[in-house]
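Participant: Quick one: the structure is below, and I'll ask about it shortly.
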There are 2 protein chains.
Amino acid sequence: MSSASDQANIPAPSTVISVDAMGGDRGPAAVVAGIARSAAKNPDIGFILHGPEDTLSRLVAKKRVLSGRCEIRNAETVVKMDDKPSHVMRRGKGSSMWSAIESVRNGDASVCVSCGNTGALMALSMVRLRKLPGVNRPAIACLWPSKNRGGFNVMLDVGADIRADADDLLQYALMGASYARNGLALSHPRIGLLNVGTEEHKGRAELKAAHDLIAANAKSNDYEFVGFVEGGDIPSAKVDVIVTDGFTGNVALKTAEGTASLISQLLRAAFNHTPLSRIAAMLAYTSMQRLKKRIDPRRVNGGVFLGLNGTVVKSHGSADATGISAAVKLAFQLGESGFSERLAARVASATAPRQDAGAEGPEVKDNL
Amino acid sequence: MSSASDQANIPAPSTVISVDAMGGDRGPAAVVAGIARSAAKNPDIGFILHGPEDTLSRLVAKKRVLSGRCEIRNAETVVKMDDKPSHVMRRGKGSSMWSAIESVRNGDASVCVSCGNTGALMALSMVRLRKLPGVNRPAIACLWPSKNRGGFNVMLDVGADIRADADDLLQYALMGASYARNGLALSHPRIGLLNVGTEEHKGRAELKAAHDLIAANAKSNDYEFVGFVEGGDIPSAKVDVIVTDGFTGNVALKTAEGTASLISQLLRAAFNHTPLSRIAAMLAYTSMQRLKKRIDPRRVNGGVFLGLNGTVVKSHGSADATGISAAVKLAFQLGESGFSERLAARVASATAPRQDAGAEGPEVKDNL
């Protein structure tokens, strides 16, 4: 820690993260507090911070740990939470979000972090970073608290696009596997396809087609396909990556958050119910804090945009310093592992043979 | 209680429930224990029990409270959990499930309860009871623990059909409103349509069309339409009935169950972590039991099949006596309130003007 705050001695940071300081519900102070926390923990991170220079300079100057490690790039406008993505695509130039993506585009930073408007962030990322060759629809992947040893599963798409055909779902499987390898250090991830039953005859037509495609690509792409999984399996230990369309994934994610919120409210009420239970609450305090930390959405803060030429981490709009710091940690891991390049190579190698297949693969070719 | 076990004095039960004794994971003993529990609590229920006569007679004879209130109808075969619905439709005659539905069909009982195979139960119910005039796709509605004062919201469809168009979603809204009136005693239920955002421009085309249809029918059908809701709103207090297609609804339901199971496992681990937390666990025991009861899936046990000429309550396959008794209680409430007839009248009155609309409503007419 002391070396981190001793600006003269620190080496050039190995991984630079581009951070949109604006657009979150708590404003730039929370963002600066979050990156300062990350900087104190990890001497290998550097930052490029985007937003109004005056405000940011003042905030950054207060954090000694950031001195010499945080470049500020002025951006006067801010993308608001209720701005429509189409509007931001036309008018977003000059915003802190645009500027943050630009630093990844031109190679100054390896990963971009923003807690702004998800739709606008995806739209700008698509326009400026462009889709990877072979990817039809980018996806948003999230980490999901689970019974697995590492504590998390990956689920995608949780909301980049409301539809996905069989080929898209295969791409999600490839991208999810790549993310699990680089983000969760699983060399041979287990992939499941979300459905309303585990029997092969169940579900929509595109799910049956995707089932066969994902199974056929398992061996050459170093993942195990466990077949169809159900909603109850998302937090289970029988799968590492859950693949679904963005409509279903988004509903599932928000349903789980709503369920956790309901249980947490009922738990508080239960602990408050009698004098005895209030004493119990005091005795159980540290255990409960540990549990809270384990499922705290701020700690799994960071949806990752997959399928672009560059990695973008979307943090919760309501993220505080803890949340921002968690998103920066994830961005650092992905940046350091060269995730973006590895993912591109995976997708390219998986789609290449099919591109050559000529008349046998017309549907796929349309998507490439 | 004493009058219930005193067979000579009890009046003829006001509401007869037809119960499939077979097909659940715990066998007929759990079912008989469950109906005995309901019989002890409520002197107004009578039963027709379906399954192998020998076995059932022995089980029923052991429960004094059932004597004189439980008719047994012999059915030798059992629909198994992995039987395909199409197979059961062709070969299911003579099964306890078929026989249980038959008692509703011929008017001997007002509601049917089964904890067997959901797909088969829906298929047989469709064939034997037939869809209500005006209903294209029947739906399964479930009770969902919520922050509302009554403790529950209604959600449908949670798995009768994997697809639903705009007209189907309108039907679900009408049926869900009717269920909320009769099952939850809400005179003017608030209905929400599940989507990935609350803005009107979001989501799939059929959702936008359904949004307008459900809004247009609100006034004449005594419900309030709150517009689009998200996954996090399902257990909230801002809505009473959540309308969605059976694919999304099923995934959401199972995701919530999986989330509750994960949290409950982590809660046990947290309480076991230190000697202090184990003492806390003892002190908090009754509070925790109360919480457990509140979100216990056995207590909200009973998906209701809506849109048929007769009401069928599907209990969890793994239901024990508590679960069966909860499903019987729900069946009794619905049977006593004349729910089936009221629902039929609602659907008929809502679809009638559109049937008369001639060329303006061809899509709807196709569905009638």
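Participant: Could you work out, residue by residue across A:272-279, how many beta carbons of other chains sit within 10 Å of that residue's beta carbon, and then give the average as an integer?
Facilitator: 4
Participant: Next question, about the same structure. Starting from a Cα-only point model with no solvent, please compute log10 I(q)/I(0) by Debye for the protein assembly as shown at q = 0.09 1/Å.
Facilitator: Values returned for q = 0.09 Å⁻¹ are -0.88.
Participant: Could I ask something else about it? Around B:SER187, with a cut-off of 10 angstrom between Cβ atoms, what is the net charge of the other residues, counting Lys and Arg +1 and Asp and Glu -1?
Facilitator: Counting the neighbours of B:SER187, the net charge comes to 0.
Participant: Another question, then. With n ≥ 4 as the cut-off for DSSP H runs, can you work out [θ] at 222 nm for chain B, using -39500 (n - 2.57) per run divided by the number of residues, rounded to the nearest 500?
Facilitator: -14500 deg cm²/dmol
Participant: I need the phi-derived Karplus couplings for segment A:221-234: 6.51 cos²θ - 1.76 cosθ + 1.60, θ = phi - 60°, integer Hz, Gly and Pro marked x.
Facilitator: 10, 6, 10, 9, 9, 8, x, 6, 10, 10, x, x, 8, 4
Participant: Moving to a separate point now. Return the Rg/Rh value of segment A:113-220, two decimal places, where both radii are evaluated on C-alpha atoms and Rh is the Kirkwood radius.
Facilitator: 0.97
Participant: With chain A treated as a Gaussian network of Cα nodes joined by springs under 10 Å, which of A:VAL104, A:VAL127, A:VAL304 yields the largest mean-square fluctuation?
Facilitator: Of A:VAL104, A:VAL127, A:VAL304, the most mobile in the Gaussian network model is A:VAL127.
Participant: Also, quick follow-up: Only Cα pairs under 8 Å and at least 6 apart count here; give the relative contact order of chain A as a rounded whole percent.
Facilitator: It rounds to 22 percent for chain A.
Participant: Hey, another quick one. Ignore the peptide's own chain and count Cβ atoms of other chains within 10 Å of each Cβ in A:245-253; give me the average, rounded.
Facilitator: Across the residues of A:245-253, the mean count of other-chain Cβ atoms within 10 Å is 6.
Participant: B:LYS41 label points, 7 Å along Cα→Cβ, one per copy: pairwise distances from this copy to the rest in nm, shortest first?
Facilitator: 4.8
Participant: Evaluate the charge dipole of segment A:176-247 about its Cα centre and quote only its size in Debye, nearest 20, assuming +1 on the Cβ of each Lys and Arg and -1 on the Cβ of each Asp and Glu.
Facilitator: Roughly 100 debye for segment A:176-247.
Participant: Here's a follow-up. Just report the Cα centroid separation between segment B:62-108 and segment B:168-184, whole Å.
Facilitator: About 27 Å separates the Cα centre of segment B:62-108 from the one of segment B:168-184.
Participant: Next question. For the pairs A:LYS147/A:LYS293; B:LYS147/B:LYS202; A:LYS131/A:LYS219; A:LYS202/B:LYS84; A:LYS147/B:LYS314; A:LYS41/A:LYS63, flag any whose C-alpha to C-alpha distance is greater than 18 Å.
Facilitator: Those over the limit are B:LYS147/B:LYS202; A:LYS131/A:LYS219; A:LYS147/B:LYS314.
Participant: What does the average come to when, for each residue of peptide B:262-268, you count the partner chain Cβ atoms lying within 10 Å of its Cβ?
Facilitator: Partner-chain Cβ atoms within 10 Å, mean over residues of B:262-268: 6.
Participant: Another one. Mind telling me which of A:ALA348, A:ALA141, A:ALA109 comes out most flexible in a GNM of chain A, alpha-carbon contacts under 10 Å?
Facilitator: Ranking A:ALA348, A:ALA141, A:ALA109 by mean-square fluctuation puts A:ALA348 first.
Participant: May I ask what percent, to the nearest 5, of DSSP beta bridges between residues of segment B:136-302 are antiparallel?
Facilitator: 30 percent
Participant: Choose one of A:VAL104, A:VAL239, B:ILE45: the residue whose Cα lies farthest towards the positive end of the charge dipole of the protein assembly as shown (beta-carbon charges +1 Lys, Arg; -1 Asp, Glu; about the Cα centre).
Facilitator: Working it through, the farthest residue towards the positive pole turns out to be B:ILE45.
Participant: Taking a point 7 Å out from Cα toward Cβ as the label site, list the nm distances between B:THR274 and the same residue in every other copy, smallest first.
Facilitator: So the label point of B:THR274 gives 2.5 nm to the other copies.
Participant: Follow-up. Using a Gaussian network model of chain B with C-alpha springs under 10 Å, which one of B:ARG130, B:ARG149, B:ARG91 is most mobile by mean-square fluctuation?
Facilitator: B:ARG149
Participant: Still on this model: Kindly give the distances from B:ASP54 to its copy-mates, label point to label point, with each label point 7 Å from Cα along Cα→Cβ, as nm values to one decimal ordered shortest first.
Facilitator: So the label point of B:ASP54 gives 9.2 nm to the other copies.
Participant: Rounded to whole Å and sorted largest first, what semi-axes of the equivalent ellipsoid does the C-alpha gyration tensor of segment B:1-145 yield via the square root of 5 times each eigenvalue?
Facilitator: Working through the eigenvalues yields semi-axes of 27, 17, 14 Å.
Participant: Rg to Rh for chain A: what is it, with Cα atoms only and Rh by Kirkwood?
Facilitator: Computed over Cα atoms, the ratio is 0.99.
Participant: I've got another one for you. Need one number: the % of Cα-Cα pairs in segment B:136-302 sitting beyond the 29 Å mark.
Facilitator: Roughly 26 percent, once rounded to a whole number.
Read the figures in this text as sums done on the coordinates, not as results from a lab. Computed from a predicted model, the values in this text were never measured in an experiment. Cβ sites come from the backbone with ideal geometry, for glycine too, and all protein chains shown count toward neighbours.
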